[in-house]
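Remarks on the structure that follows.
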Ligand code: ADP
Ligand code: MG
């Protein structure tokens, strides 16, 4: 279930001036990939991901999901939204029912599933995101904490059992534990179900750990794209547009400057630790040999 984005342009009507939010995006996302979309605020990340399930339609160009052109008048967008689940940047925009159970049930019910299947899916989705259906189910989604709201919004999308999961800054505004939890759920889902994940994030440590490919947006264009390591190798370009690299990548660069033989493409703490230990043991080996 691949996604093809071809020469996509989009300008909001009524916005300030007529600067395009997307100024010609070309991108292919393959089945089963974990891709992260990064870029400064206002670079078009949210606008781009809303094109992936037909919520926004391009002014020019096209978006093709699993061989289906979303702009085609005959395309059934309901079927597309079952395949491509989108969790919004602000989950409270996505919650609208009186209880959590009703909210999570909305999608599968809307697909015309029988009530027993719906309740089974609702319970499973809530458990997947670490919420107890009996405890949290009867409550109003609006009375929950920010982290719980996000999880309910994610459960509502998961209840549709999409093959492609698109998450727009799902961990933004959460405390470190909340971030770890929600990203852990996503990682587990991907491992268990082999779904495609597209994650918008501004946390470089997070994307280094999770994504195998990065797409960097700036001013509505893809300015850099490739395997995570290669993209973080371009720290000058990233800094120029106001992004950074993981701090561990900076540390590795500093160690190299001091003539320590640490690889230049270290992007996670675990990798760095193992490289430094390797170096350490070879040095202490040398020291013993000289003694
Ligand atoms: P990001 O998610 O990377 O922060 P967005 O896709 O939200 O960026 O925004 C891209 C551009 O489109 C920005 O210039 C932003 O101000 C503008 N924009 C976003 N949403 C709207 C909207 N609803 N109406 C008008 N302009 C918008
Ligand atoms: Mg955004």
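Observations, loosely collected:
- With Cα atoms defining each centre, the stretch 1-71 and the stretch 125-159 are spaced 28 Å apart in the structure.
- Potential extension, residue 55-residue 175 segment - 0.36 nm per residue separation minus Cα distance: 40.2 nm
- Two-site FRET efficiency, residue 225 against residue 135, from Cβ-Cβ distance with R₀ of 41 Å, rounded to 0.05: 0.45
- Shape category assigned to the stretch 97-167 from the gyration tensor of Cα positions, a/c cut at 1.5: oblate
- Note on the chain: along the principal axes its Cα atoms extend 77, 48, 34 Å, ordered by decreasing extent.
- Using the alpha-carbon positions of the stretch 104-255, Rg (one decimal) and Dmax (whole number) come out as 18.1, 60 Å.
- Subtracting the Cα-Cα distance of residue 188 and residue 68 from their residue separation scaled by 0.36 nm leaves 40.4 nm.
- Within the chain, helix-based [θ] at 222 nm, where runs of 4 or more DSSP H residues each add -39,500 (n - 2.57), nearest 500: -12500 deg cm²/dmol
- Pair residue 98, residue 26: separation of 7 Å Cα→Cβ label points (nm): 5.3
- Note on the chain: antiparallel DSSP beta bridges, both residues inside, total approximately 55 percent of the bridges counted.
- With both labels modelled 7 Å from their Cα along Cα-to-Cβ, the residue 268 to residue 241 distance reads 2.4 nm.
- When only alpha carbons of the stretch 200-286 are considered, Rg and Dmax amount to 14.3, 52 Å.
Each value in this text was obtained by applying a stated rule to the coordinates, not by laboratory testing. Quick caveat, the model's predicted, so the values are computed rather than measured. FYI the Cβ positions are ideal-geometry reconstructions off the backbone, even for glycines, and counts take in every protein chain you see.
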